[in-house]
Amino acid sequence: QRFLDVTAGDLDYISWDYYPFRTNAITNKHIENYLPNYELMARLGKENNRELRVIIQSAGDSHGVKDIDGKSELSFQIYTGLCFGVKEFTYYIYSGKSTTGYKYIYNCDTGTYNEDLYNWTKAVNNDVHSFEEVYDEYTWSNVMKVGSNEMLDTLSNATTSNDKLSVSGNGAYLVGVFHAKDSGSTRQNAFMVVNASYDTNASAEDVTLTF
């Protein structure tokens, strides 16, 4: 609440950052705290009628944040945020000087883009833009957790079941639960099911959704 009072003031949104991928000894603990922090900020926004915005990790820095190694690390952050009702994402750090040694999307010294990182970012953005109009029809209610791992097990307010949806599979999944803004809509309930494992080397698996 103090964060809201001191930082957000009279703004109609909350903007915060959390960079889950690290290079130093606190890596595991840092990513395990990722979802509880999301849960806290999403609840704070919902209870105070503030839109939730998030700054995500897109480059390394001198404080133990590592460079992004693939599209999956961007997708993991974006889709996790969407499950918590995030309405806007900002990339940190978008641009920087080549002398730092970190991989920025845009290099201020050379005036060029990191082609891989730029394309990964563009691809994730386009993925989300493909369903953003539908997403915007709904308001975030809660998250549901399916399965178990070191991240999901840290959530304290997530449900484990929903009478409108059943999710089954061999992995761990985070489910965003939403309701329609329009009370007259014929589609009152919406869900977003995402992978809740940060293992970028994991193989694809089948997930069954039953409505």
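Using +1 on the beta carbon of Lys and Arg, -1 on that of Asp and Glu, and nothing else charged, what's the dipole of the chain about the Cα centre, debye to 20?
Rounded to the nearest 20 debye, it is 260 debye.
Taking the highest mean first, how do the peptides 68-76, 167-175, 183-191 order by number of other beta carbon atoms within 10 angstrom per residue?
The densest-packed peptide leads the list: 68-76, 167-175, 183-191.
For region 134-144, what does the Karplus curve 6.51 cos²θ - 1.76 cosθ + 1.60, with θ = phi - 60°, yield as ³J(HN,Hα) per residue in whole Hz, taken in order and with x for Gly and Pro?
These are the phi-based 3J(HN,Hα) values: 5, 4, 6, 7, 10, 10, 5, 10, 5, 10, 10 Hz.
Check ASN142: other-chain or 5+ apart residues with amide H under 5 Å from its amide H, H built from backbone geometry?
Under 5 Å from the amide H of ASN142 lie the amide H atoms of VAL177, each far enough along the sequence or on another chain.
Could you provide, to the nearest whole Å², the per residue accessible area of region 50-104 with probe 1.4 Å?
Accessible area per residue, region 50-104: 40 Å².
Amide H of ILE93 versus every other amide H placed in the peptide plane: which residues, excluding those fewer than 5 positions away on the same chain, fall under 5 Å?
Under 5 Å from the amide H of ILE93 lie the amide H atoms of SER58, ALA59, each far enough along the sequence or on another chain.
Counting only protein heavy atoms, what percent of the accessible surface of the chain is carbon or sulfur at a 1.4 Å probe?
46 percent
For region 103-119, take each phi angle, set θ = phi - 60°, evaluate the Karplus expression 6.51 cos²θ - 1.76 cosθ + 1.60, and give the result in whole Hz per residue in order, putting x for glycine and proline.
After applying 6.51 cos²θ - 1.76 cosθ + 1.60, I find 8, 8, 4, 10, 9, 5, 6, 9, x, 10, 9, 6, 4, 4, 5, 4, 5 Hz.
Of the listed pairs LYS66/LYS87; LYS46/LYS71; LYS122/LYS164, which have alpha-carbon separations greater than 31 Å here?
LYS122/LYS164
Would you mind checking which residues have amide H under 5 Å from ARG22's amide H? H placed 1.01 Å from N; only 5 or more apart, or other chain.
It is LYS66, by chain and number.
Based on the alpha carbon coordinates of the chain, what radius of gyration and maximum Cα-Cα distance (Dmax) apply, in Å?
17.8, 56
The values are calculated or read from the model by the stated rules, or taken from the named source; none is laboratory data. Model, not experiment: these values are computed from the prediction. Neighbour counts are summed over all protein chains in view; Cβ atoms, including those assigned to glycine, are modelled from backbone coordinates with ideal geometry. For the accessible areas, the whole protein counts, side chains as well, though only heavy atoms, and no ligand, DNA or RNA atoms are used. Shrake-Rupley method; radii C 1.70, N 1.55, O 1.52, S 1.80 Å.
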